[in-house]
Amino acid sequence: MEVVSGMQNEKVALFIIFGGSGDLARRKLYPSLFRLYQKGYLSRHFAVIGTARRPWENDYYRQIVVDSLNDIQATDEQIAEFAGHFYYQSHDVTNAAHYTVLKKLADTLDQKYQLQHNRIYYLAMSPNFFGTIAKHLKSEQILTTAGFNRLIIEKPFGHDYESAAELNQQIRASFEEDQIYRIDHYLGKEMVQNIAAIRFGNNIIESLWNNRYIDNIQITLSEALGVEERAGYYESAGAMRDMVQNHISQIATLLAMEPPVSFSARDIRHEKIKVLRSLHIDTPEEAQHNFVRGQYGPAVIDGQRLEGYREANNVASDSKTETYVAGKMEFENYRWAGVPFYVRTGKRLAKKETRVDIVYKQLPTNIFKAAQDDNKLGHNILTIFIEPTEGFSLRVNAKRLGQGFATRPVDLNFRHSAAATGNSPEAYERLLLDAMNGDSTNFTHWDELSQTWKFADVVEKVWSENTPTDFPNYASGSMGPKAADELLARDGRHWIFSAQPK
Ligand code: NAD
């Protein structure tokens, strides 16, 4: 494990977590803060206030924090020392008077731990409250004037362009854009960050990274699980809002952007925003043609019956919500004109896998054709594996062993060893440290969001006006609806990644 010695790496801040009793706080935030503590980024000068409505005592809250660290190896003393930095404040975010109490505790802890008035506000609760919290943080003067104030907010950021713009306006009344850290946890993933290294660190790759050499790009975020406990939220969101508008669009942006002038947050943002301006916003007719939606039905797998989406708790028995999307994105600029970015995501698919397949164009001719009649040269394919394994592979054609001259595809594979993957920080750990460092590279800017909402809104509108008549249209454990295959077949292409149905 990396241990940071000396004090220069120690971060100094007070965290105020709204929603401190919630699922996200327990599963992600506390373990991530603890890992940062183990690595020396947090040491003496930090404190955490957890707030939620329930009337808890500090000791009770600290036990919750301790329990959330079950999977992490550490001594009891280390854990107790860490948990000692946590304080609980019962707080209803809609009650202005509660902020006065919160401010008092924040000021006390600031003095006690010498936190230099640095504050990070983490909104780990329903987005309905984001605007209210931001407003009160300013009006009740919890925002400090001496140190830094940073607001970290979770997805979903709005339901469509209009609601996102309204939410943004509410937050901007209290925080400047550069104080706002909008989480897209995909941007914290090791291999998503590695896209920059692969592209901008390799001449052999970046030189060919354009429409002269690339035929199409495929982004797949395939999930094996169903909606599980998130059905309530999911029912009003669907796969387009839950995955495409944010995570998939962000991955596409990182793949499509121009090389930044430097690897600074400002320069990278500049390029991301620029390329998103070239994202083609479909007309309703195009959206109808370019996007496919699906919903999973029940299935029996290994003798076990899996319920269909419409049977899940909190889901309407005639739900129109899509649990699967496949579609085509296009960037209309010099580099990418004519290269479709095919994207897809879905729940209850055959396999959990997040990956990007870069499919290169065919050679002008196949000189080996004569050597053997059925000898075909396959496309070169660069695959970036994001989850569950991390790494990449390059498919090249090589000679098949033996007489004659037939070729065969060979995959040059690089996967992180299990040990290396174990060392790679969890996305939330990385993003929390970034926020403490004031580095917003891996967070989304409003200008990015506004563009991807405009893109998603057209599809949503077309879908809302045309009731799907074939839902459910794919079985649990399959690779999604047939129409998704036809989407590519129409262009003379096929999905590179496929998994055997369960
Ligand atoms: P949750 O329902 O488990 O927790 C919500 C928290 O808000 C609880 O602590 C609750 O006590 C508190 N709360 C509710 N109303 C309140 C009020 N009026 N005043 C004060 N506190 C109040 O939710 P969660 O799963 O932790 O999700 C939190 C946020 O993170 C949501 O925006 C969600 O979309 C997002 N998110 C969660 C996950 C995850 O893995 N859980 C992943 C991605 C995004």
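Bear in mind that the values in this text are calculations on the coordinates, not laboratory data. Predicted model, so just to flag it, every value in this text is computed and none were measured. Neighbour counts are summed over all protein chains in view; Cβ atoms, including those assigned to glycine, are modelled from backbone coordinates with ideal geometry.
Brief remarks on what is shown
- With respect to the chain, whose longest principal axis is taken over its alpha-carbon atoms, helix 265-277 is tilted by about 50°.
- Within-12-Å neighbourhood charge of Val339 [Cβ basis; K, R +1; D, E -1]: +1
- Net charge over other residues, Cβ less than 10 angstrom from the Cβ of His280 (K, R count +1; D, E count -1): -3
- Only Cα pairs under 8 Å and 6+ residues apart enter the sum, and on that basis the relative contact order of the chain stands at 17 percent.
- For the chain: rounded, prolate or oblate by the Cα gyration tensor [a/c cutoff 1.5]: prolate
- Ranking of Ser249, Ser68 by neighbouring Cβ atoms within 10 Å, starting from the fewest: Ser68, Ser249.
- Two-site label geometry, Asp71 and Arg335: point separation in nm, points 7 Å out along Cα→Cβ: 3.5 nm
- Among the chymotrypsin sites (Phe, Trp or Tyr not before Pro) within segment 248-328, those in coil by DSSP and having at most 13 neighbouring Cβ atoms inside 10 Å are Phe263.
- DSSP beta bridge pairing in the chain, given as percent antiparallel to the nearest 5: 55 percent
- Loop-located trypsin sites (Lys or Arg not before Pro) in segment 192-231 (DSSP state not H, G, I, E or B) with no more than 11 neighbouring Cβ atoms inside 10 Å: Arg212.
- Order of Ile133, Ile204 under a 10 Å beta carbon neighbour criterion, fewest first: Ile204, Ile133
- With helices as the sole contributors, the chain gives -9500 deg cm²/dmol at 222 nm; each DSSP H run of n ≥ 4 counts as -39500 (n - 2.57), and the sum is divided by every residue.
- Relative contact order, percent, segment 6-154 [alpha-carbon distance under 8 Å, six or more residues apart]: 30 percent
- Compared with the direct C-alpha span, the chain from Arg490 to Thr132 gains 124.1 nm at full extension, assuming 0.36 nm per residue.
- Dividing the mean sequence gap of close Cα pairs (under 8 Å, 6+ apart) by how many residues segment 270-395 holds gives a relative contact order of 18 percent.
- For Gln193, net neighbour charge (Lys/Arg +1, Asp/Glu -1) across residues whose Cβ lies under 11 Å away: -1
- When +1 charges are put on Lys and Arg Cβ atoms and -1 charges on Asp and Glu Cβ atoms, the dipole computed for the chain relative to its Cα centre reaches about 820 debye.
- With neighbour counts taken as other beta-carbon atoms within 10 Å, the residues Lys454, Lys399 rank, fewest first, as Lys399, Lys454.
- Among the GluC sites (Glu not before Pro) in segment 89-189, those located in a DSSP loop and surrounded by at most 11 other Cβ atoms within 10 Å of their own Cβ are Glu176.
- Degrees separating the helix 427-437 axis from the principal Cα axis of the chain, which is the longest one: 50 degrees
- Acute angle (nearest 10 degrees) that the helix 130-139 long axis makes with the longest principal axis of the chain, alpha-carbon atoms: 30 degrees
- Here the Karplus relation 6.51 cos²θ - 1.76 cosθ + 1.60, evaluated at θ = phi - 60°, turns the backbone of segment 289-298 into coupling constants of 7, 8, 10, 10, 10, x, 9, 7, x, x Hz, with x for every Gly and Pro.
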